[in-house]
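One structure is given here, and the rest of the page talks about it.
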Amino acid sequence: PAPPTQTALLIPTLSSGWAHCFSLSRNHARPTITSSDEVLIRNVCVGLNHVDFKSLLYRFGIGRLPWVLGRDVCGVVEELGGEVARDTGLKVGDRVWTCTDSARDWRAGAYQEYSVCKAFTVGRLPDAQGDIAATVSDEQAATIGTGLVTAGVALHWFFDLPRAAELGGGLYPRSEVRVPSPPPRRSSRLRSSSKQPWLLIYGGATVTGIYAAQLARLSGLKVVSVASPASFEYLRGVVRVDACVDRFGSTEQVLEDIWTATCGGVGEMNEEEEGDLKYGLDCVGSATASLCARALAEGEAWRRNRHGTHDELRREPAQLICLAGNPKRPREEEDDSATKYGHRDVITPRISFSTTFYQDRLWTASFLSSIYELLASGSLRPVEAEVVPDGLAGVRRGLEMLKDGRAGPASSAGGGSGGGGGRKLVVRVADTPPVEVTHLGQRHELGWNGCV
């Protein structure tokens, strides 16, 4: 049985500033199962997320202190609630991954030795044997959580795209739960359209962008990724996006490159090959979301203007998910493009986990089952993991790297994924040193807060 206490990285206070907001405890109470549909996971590797340091800086997603942050877990099932085995097939000893709901329940926090989660949000991990082609390592599995779930909710819930063709296509089933507004459109239009649908991803080398590109390709879309040229080889060779656009170009140049790739520039593709830039996912911020909105709204009119054609503009709206800020409304004097190209309506639904992944048990269970199959077949490849030393004691150092923009593109060394690919910071829980020698990365003269 699991011990009654554990090592945990706590948030004991929000009033002492960033340098003193973490405390590593060796004797914190282990979370316990309180509902028959919960599972206790022994955490092996944990992924670091931008939302964790933002929770501290902007004081959201933290309840009764002391609190435990962290969302992306890879671990081993330690204990099951009474209904779990019957409802999910999970068993003690299974290797699993999840994106925990740590903003609502400290027990779900990843920065501790054990976490308690709803069993229907937990996905199994493949180990190569028999018909299973691929093994996902613990470090790779810790990269999956938030990035893959965000991509999946965006594409398969809000855009309502079909699941991977190798899984038989079709839509993920849904329970009778509250559906976010506006309601998603049925993906039958994806198959009936005479134009090849495209997904635009701004921030193509981010973790979410990489997973979104893979899911989109598996669903039959083509993908154009806006990223640094250093990532192009990785995106084309490993992620297999169809086109890359240099994010360092001017706004007009980036738009021109996107439209040329997806809508067809002169000499680029014939009318039968022209695409429909129908979906967008922005992973960066309000300014880039505005660019994505323009790309979706004006792409078809740009094609008509470029080719001198006069076919009817499509009336079906495009859809854009903005993960880091909504598009800014342009000032009238700057909106010359409206006259030059004309507009297509763009719907920008607000993505939500609380009404999708954490609520709709049928959809989530089906999605996680399909992810297992895609990982097992090797069709879905985890992003590269970069291990931060010192386990839970290294979390603060890793979050500072994210906060300061020092967690850059991956190199080809060791990972074999090619230079310039996205990577995710992870920690191995077993690497946590004894608390007596742990200083959480602070200089001695500034005061240690790691010793409890």
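The values are calculated or read from the model by the stated rules, or taken from the named source; none is laboratory data. All values derive from a computational prediction rather than experimental measurement. Methodologically, a virtual Cβ is constructed for each residue, glycine included, from the backbone with ideal geometry; neighbour enumeration extends over all protein chains shown. We work out accessible area using only protein heavy atoms, side chains counted, and drop any ligands, DNA or RNA first. Shrake-Rupley method; radii C 1.70, N 1.55, O 1.52, S 1.80 Å.
Structure values in brief
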quantity: Extension gain, SER137 back to ARG86 (0.36 nm per residue minus Cα-Cα distance, nm); calculated: 15.6 nm
quantity: Candidates per chymotrypsin sites (Phe, Trp or Tyr not before Pro) in segment 1-53, loop by DSSP, up to 16 other Cβ within 10 Å; calculated: none
quantity: Rough spin-label spacing in nm, given labels placed 7 Å along Cα→Cβ, for ASN326 and SER36; calculated: 4.3 nm
quantity: Under-5 Å amide H pairs with LEU10, H placed in peptide plane, nonlocal only; calculated: SER23, LEU24, SER25
quantity: Interchain or long-range residues, amide H under 5 Å from VAL223's placed H; calculated: LEU199, ASP242, ALA243
quantity: Percent accessible area from carbon and sulfur atoms, segment 341-397, protein chains only, probe 1.4 Å; calculated: 45 percent
quantity: Virtual spin-label span in nm between GLU166 and GLU233, 7 Å along Cα→Cβ; calculated: 2.6 nm
quantity: Estimated inter-spin distance, LEU65 and GLN359, nm [label 7 Å along Cα→Cβ]; calculated: 3.1 nm
quantity: Gain in span if fully extended, ARG406 to ILE347, counting 0.36 nm per residue against the direct Cα distance; calculated: 17.9 nm
quantity: Gain on full stretching of the segment that runs from SER286 to THR13 - 0.36 nm per residue minus C-alpha separation; calculated: 95.2 nm
